[in-house]
Amino acid sequence: MTIQVGERIPNGTLHHMTENGPEAITTGEIFDGKKVVLFALPGAFTPTCSAKHLPGFVAKADEIKAKGVDTIACLSVNDAFVMGAWGKDQGVGDKVLMLADGIAEFTQALGLVLDLTPRAMGLRSNRYAMIVDDGVVTLLNNEEPGAFEASSAETVLAAL
């Protein structure tokens, strides 16, 4: 079952790259008491994700945060090393928190899994964007496979 507007983000642990290497971060640390824009995509270094999705949020980060957002986070079913390298490659800096859901556990808990096994990519995250206020989903823009519009930085910014 896909998470719905009005529901709480499930408890879980994700990972992110720090100067000390990969570190665990809980959903409580990410979402509790904060307004968060979380966007997810099928994979780091993939065409649409690298050319449009992540760059849009990096470019619009200041405008999004000016709307009262504490954290902008990018999630993918990749490991923290890949997400860290992709963040560096994309010039993310501290504008976007790059989150790794290495075994798709959090993505499965959200009900937002995209099965790309036929394309030799395994289980991935669907492309989506959500606004989460103190752990509660207030907006969920889930894309149809292959689409990119509802989860763009521009669409999220307009909804804030």
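Can you tell me which of (1) closer than 18 Å to Val36 by Cα; (2) in a loop (DSSP other than H, G, I, E, B); (3) of a type in the set (Gly, Ala, Ser) is the one Gly91 doesn't meet?
(1)
Among residues belonging to segment 73-124 that are closer than 19 Å to Ala59 by Cα and basic (Lys, Arg), point out the one that is nearest to the chain's Cα centre (by Cα).
Lys95
If you take the residues in segment 94-104 that are at pLDDT 95 or above, assigned to a loop (DSSP other than H, G, I, E, B) and in contact with a Leu (Cβ under 9 Å, 6 or more places away or on another chain), which one is surrounded by the fewest Cβ atoms within 10 Å (Cβ to Cβ)?
Val96
So which of Val77, Val69, Val82, Val58 is among the β-branched types (Val, Ile, Thr), closer than 19 Å to Ala104 by Cβ and surrounded by fewer than 22 Cβ atoms within 10 Å (Cβ to Cβ)?
One residue alone meets the criteria, Val82.
Has segment 105-115 got at least one residue that is touching a strand residue (DSSP E or B) at 6+ places or on another chain (Cβ under 7 Å), more than 17 Å from Glu23 (Cα to Cα) and surrounded by fewer than 16 Cβ atoms within 10 Å (Cβ to Cβ)? Outline the logic, then answer.
Initially, segment 105-115 is screened for residues touching a strand residue (DSSP E or B) at 6+ places or on another chain (Cβ under 7 Å), giving 106-107, 112-115.
Add one more test, that the residue is more than 17 Å from Glu23 (Cα to Cα), and what stays is 107, 112-115.
Remaining after also requiring surrounded by fewer than 16 Cβ atoms within 10 Å (Cβ to Cβ): 115.
Scanning segment 105-115, I find at least one residue that is touching a strand residue (DSSP E or B) at 6+ places or on another chain (Cβ under 7 Å), more than 17 Å from Glu23 (Cα to Cα) and surrounded by fewer than 16 Cβ atoms within 10 Å (Cβ to Cβ), so the answer is yes.
Name the single residue, out of those in segment 133-160 being free of Cβ contacts under 8 Å to residues at least 12 places away in the same chain and of a type outside the set (A, V, I, L, M), that is nearest to Thr117 (Cα to Cα).
Once the filter is applied, the top-ranked residue is Gly146.
For segment 112-127, name all the residues that are under 16 Å from Pro47 (Cα atoms) and in a strand (DSSP E or B).
Listed by number, the residues that qualify are Leu116, Arg124, Ser125.
Which members of segment 19-44 meet the condition of being of a type in the set (D, E, K, R) and not in a strand (DSSP E or B)?
The answer is Glu19, Glu29, Asp32, Lys34.
The values are calculated or read from the model by the stated rules, or taken from the named source; none is laboratory data. If you're wondering where the values come from, they're calculated on a predicted model, not measured in any experiment. Here the Cβ is made from the backbone with ideal geometry for all residues, glycine too, and neighbour counts use every protein chain on show.
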